[in-house]
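I have placed the structure first, in the form of structure tokens, so that the comments after it can refer back to it.
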Amino acid sequence: MIVDCVTVGPFEENCYLVVDPSTGAAALVDPGDEPDRIVAMAARQGATPSAVWLTHAHLDHIGAVAAVRRAWPGVPVSLHAADLPVYAYGAMAAARYGLPWEQPDPPDAAFADGDVLWLGALRFEVWHLPGHAPGHVAFVGEGVMLGGD
């Protein structure tokens, strides 16, 4: 498994690219800002993401979602349903900080605790860990845990 990371935006949020080298399948985790750097990270790995997984929907984790969808049309975005109100609040949260913002279209799917996600031959389980955000999740498997904040 390849896990690459770029730290983006004024909140210094980590965006991860997870790649199964045996199949080329790739997912972006938490594309928070600076979409050009995120696209460049994928290009460095020769990857075309087939999914965007959100650990939660705070503005620093979703700020590049709209641009990522333009870079890879049709890429599905998923998060836990309990974070849908947080996702919808992104533009208002950004305005409070005076940050430029493009509200992304609604996500395509919702995770639930215990869901199994396949990325090529790599298996991840979704752990619902509310507290930091109502729908905060971690993706656990293959010797790694991707947990956002």
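Might you let me know whether the range 35-55 holds any residue that is closer than 17 Å to V86 by Cα and open to solvent by 50 Å² or more (accessible area, probe 1.4 Å)?
No, there is no match, as no residue in the range 35-55 is closer than 17 Å to V86 by Cα and open to solvent by 50 Å² or more (accessible area, probe 1.4 Å).
List, please: which pairs have Cβ atoms under 8 Å, are six or more places apart or on different chains, and start with a residue in the range 121-133 that is in contact (Cβ under 8 Å) with a residue 12 or more places away in the chain and under 13 Å from A25 (Cα atoms) and end with one that is among the β-branched types (V, I, T) and assigned to a strand (DSSP E or B)?
L122/V18; R123/V116
Among (1) touching a strand residue (DSSP E or B) at 6+ places or on another chain (Cβ under 9 Å); (2) outside any loop (DSSP other than H, G, I, E, B), there is one condition A43 misses while meeting the rest; what is its number?
(1)
If we scan the range 114-130, do we find a residue that is open to solvent by 70 Å² or more (accessible area, probe 1.4 Å) and either of a type in the set (S, T, Y) or within 14 Å of the chain's Cα centre (by Cα) (or both)? Before the answer, list the steps.
The first filter runs over the range 114-130 and keeps only residues open to solvent by 70 Å² or more (accessible area, probe 1.4 Å), leaving 118, 123, 127, 129-130.
After this cut, where a residue has to be either of a type in the set (S, T, Y) or within 14 Å of the chain's Cα centre (by Cα) (or both) as well, the list is none.
Checked against the condition, which is being open to solvent by 70 Å² or more (accessible area, probe 1.4 Å) and either of a type in the set (S, T, Y) or within 14 Å of the chain's Cα centre (by Cα) (or both), the range 114-130 yields no hits at all.
For (1) part of a strand (DSSP E or B); (2) under 23 Å from A67 (Cα atoms), each residue gets a yes or a no:
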{"residue": "D113", "(1), (2)": "no, no"}
{"residue": "G131", "(1), (2)": "no, no"}
{"residue": "M145", "(1), (2)": "yes, no"}
{"residue": "G148", "(1), (2)": "no, yes"}
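The values are calculated or read from the model by the stated rules, or taken from the named source; none is laboratory data. Predicted model only: the values in this text are computed from it and were never measured. Cβ atoms come from the backbone with ideal geometry, glycine included; neighbour counts cover every protein chain shown. All accessible areas refer to the heavy atoms of the entire protein, side chains included, with ligands and DNA or RNA removed. Shrake-Rupley method; radii C 1.70, N 1.55, O 1.52, S 1.80 Å.
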